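A.B. asks: First, the structure itself, so that you have it in front of you.
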Amino acid sequence: LHCEGGTVASSLLLYADPKHVPLQVTWIYEPKDGERMNIAVFHPSYGPNYPESQMKGRVTFKPSQPELSSPSIEISDVRMTDEGRYVCEYATYPDGNEQGITQLVMLAKPVNSATTVAEVAGTKPVVVARCVSRDGRPAAKIRWVTTAKGNWTETSKTGADNTVTVTSEYRLAPTPTDNAKDLTCLVNHRTQLKDESLPLKLAIRYPPMVEIEGYDNNWYLGRTNVGLLCKANANPVPHTVQWTTMTGQLPDTVLPNEKELKVLKVDNSVNTTFVCEVKNSIGTTREQITIHVRDQSPFAASALHRFSSQLHHSFLFCSLSSCNYVSLLFCVLVFFSTSYSLHYPFRSHVELPTNRSSVHLSVQSGPSFLLPSVLLQRYSFPEEEEDKMRAKSASS
């Protein structure tokens, strides 16, 4: 005896192939829970009969006047409650009753969905995403794919029609860096050719993380075109950015424009601590930066230092030479060259020739002022004055 089951246009078709002389065939339904029941009977002399059952009106022999050699039945409008065992039982002669059994498994394609749960960053694990496979038969299998450091739990609920709803929740202790991370729910089910993929992005809310940029530690008096930028990373986006100082009032020389603070011209009032306060719906964050205003730029200070050094060397020479008009002319030349090229490198030097009777002076400037080498007239010192000058130089 052999029985086989299948579905055709929402119908179930079963057929029997008896080995012995049949007298009567009966189809019996055995639900998973409950008593077995006869659903279709055929006798060659009396024809087909359909006893009272949950399938009456939906079950028929195929054809309507079947042969005992193949008394197949068809069930239309198949329902989830039709799942169970189907027994085709023959009354035969001379061996008595024989039967075959087939199992009907009802499949229901689930409806799958996934959503994120917006949570505030914290230290305790919370549900940040949920994936639901609804009304499937059998129950679906759910897993998660992500780089986030969390885990998931799963619950199942059986419906009245034997379908199953599976809910999977992904949990983690959320941090700001988890925001917008990719998270994918994969649902596996017998009715699907492949896993259904439901991509998500985590939504983690957190107060502003603030950083102030723009200060290069070189704000000097008179400098223009400088400013500060208040950068904030937050979710949701900040709704308020406010600039103040530790004393409360902003200087008149600064102009706030949302996250930017433009300094029109650096003066002593900018020598303060600026505060940027950023707010969103989660919280408020304040960040501050202290500005140290210099009297002049480091480059100008360096040039001034070179200028002072040149004057020092020139006046030292003048002091040693005891020649007023030569010393005076040299000092004037050095001063003129240095003042003209204050922002450029320059050098001056004094050449003392081996000839004791003359002195050669030259001043060389930088690229902005091409002062030619100047040869002062040779001046013959009396030997007595020259010896005094050398003695004075040696004693100093």
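The values are calculated or read from the model by the stated rules, or taken from the named source; none is laboratory data. From a predicted model like this one, the values you see are computed outputs, not experimental measurements. Here the Cβ positions follow ideal geometry from the backbone for every residue, glycine too, while neighbour counts run over all protein chains shown.
A.B. asks: If I ask for residues that are under 25 Å from Ser133 (Cβ atoms) and in contact (Cβ under 8 Å) with a residue 40 or more places away in the chain, which ones from segment 179-189 would you list?
C.D. replies: Initially, segment 179-189 is screened for residues under 25 Å from Ser133 (Cβ atoms), giving 181-189.
Correct list: Leu183, Thr184, Cys185, Leu186, Val187, Asn188, His189.
A.B. asks: Need the failing condition index for Asp33 against (1) modelled with pLDDT of 85 or more; (2) not in a strand (DSSP E or B), just the number.
C.D. replies: (1)
Yes/no per residue for (1) modelled with pLDDT under 95; (2) part of a strand (DSSP E or B); (3) buried (at least 18 other Cβ atoms within 10 Å of the Cβ):
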| residue | (1), (2), (3) |
| --- | --- |
| Lys231 | no, yes, no |
| Ala234 | no, yes, yes |
| Val237 | no, no, no |
| Trp243 | no, yes, yes |
| Pro256 | no, yes, yes |
| Leu261 | no, yes, yes |
| Val266 | no, no, yes |
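A.B. asks: Same structure again: Which residues, taken from segment 210-229, are in a strand (DSSP E or B) and without any contact (Cβ under 8 Å) to a residue 40 or more places away in the chain?
C.D. replies: Residues satisfying the conditions are Glu213, Gly227, Leu229.
A.B. asks: Assess whether Tyr50 counts as being in the same structural domain as Gln24 (by TED's automatic domain parsing), over 26 Å from Ala160 (Cα atoms) and not acidic (Asp, Glu). Before the answer, list the steps.
C.D. replies: Details: in the same structural domain as Gln24 (by TED's automatic domain parsing): yes; over 26 Å from Ala160 (Cα atoms): yes; not acidic (Asp, Glu): yes.
For Tyr50, the condition - in the same structural domain as Gln24 (by TED's automatic domain parsing), over 26 Å from Ala160 (Cα atoms) and not acidic (Asp, Glu) - is met.
A.B. asks: Please work out if Glu89 is buried (at least 16 other Cβ atoms within 10 Å of the Cβ), closer than 30 Å to Leu186 by Cα, outside the structural domain of Pro138 (by TED's automatic domain parsing) and not hydrophobic (A, V, I, L, M, F, W, C). Before the answer, list the steps.
C.D. replies: Working: buried (at least 16 other Cβ atoms within 10 Å of the Cβ): yes; closer than 30 Å to Leu186 by Cα: no; outside the structural domain of Pro138 (by TED's automatic domain parsing): yes; not hydrophobic (A, V, I, L, M, F, W, C): yes.
No: the conditions fail for Glu89.
A.B. asks: Okay, next question. Check Leu193, Leu183 and return the single one that is surrounded by fewer than 18 Cβ atoms within 10 Å (Cβ to Cβ), among the hydrophobic types (A, V, I, L, M, F, W, C), on the phi < 0 side of the Ramachandran plot and out of contact with any helix residue (DSSP H, G or I) (no Cβ under 8 Å at 6 or more places or on another chain).
C.D. replies: On the way: Leu183 fails: surrounded by fewer than 18 Cβ atoms within 10 Å (Cβ to Cβ).
Result: Leu193 is the single residue among Leu193, Leu183 that is surrounded by fewer than 18 Cβ atoms within 10 Å (Cβ to Cβ), among the hydrophobic types (A, V, I, L, M, F, W, C), on the phi < 0 side of the Ramachandran plot and out of contact with any helix residue (DSSP H, G or I) (no Cβ under 8 Å at 6 or more places or on another chain).
A.B. asks: What residue, among those in segment 151-167 that are among the hydroxyl-bearing types (Ser, Thr, Tyr) and surrounded by fewer than 18 Cβ atoms within 10 Å (Cβ to Cβ), is nearest to Arg130 (Cα to Cα)? Steps first, answer last, please.
C.D. replies: First pass over segment 151-167, keeping only residues among the hydroxyl-bearing types (Ser, Thr, Tyr): 153, 155-156, 158, 163, 165, 167.
Narrowing the set further to residues that are surrounded by fewer than 18 Cβ atoms within 10 Å (Cβ to Cβ) leaves 153, 155-156, 158, 167.
Details: Thr153: 10, Thr155: 11, Ser156: 13, Thr158: 19, Thr167: 7 Å.
Among residues in segment 151-167 that are among the hydroxyl-bearing types (Ser, Thr, Tyr) and surrounded by fewer than 18 Cβ atoms within 10 Å (Cβ to Cβ), the one nearest to Arg130 (Cα to Cα) is Thr167.
A.B. asks: In segment 40-85, how many are on the phi > 0 side of the Ramachandran plot, in contact (Cβ under 8 Å) with a residue 12 or more places away in the chain and in a loop (DSSP other than H, G, I, E, B)? Working first, answer last.
C.D. replies: Taking segment 40-85 and keeping what is on the phi > 0 side of the Ramachandran plot, we get 47, 57, 77, 84.
From the residues that got through so far, the ones that are in contact (Cβ under 8 Å) with a residue 12 or more places away in the chain too are 47, 77, 84.
Pick out the ones that are also in a loop (DSSP other than H, G, I, E, B) and you get 77.
The total comes to 1.
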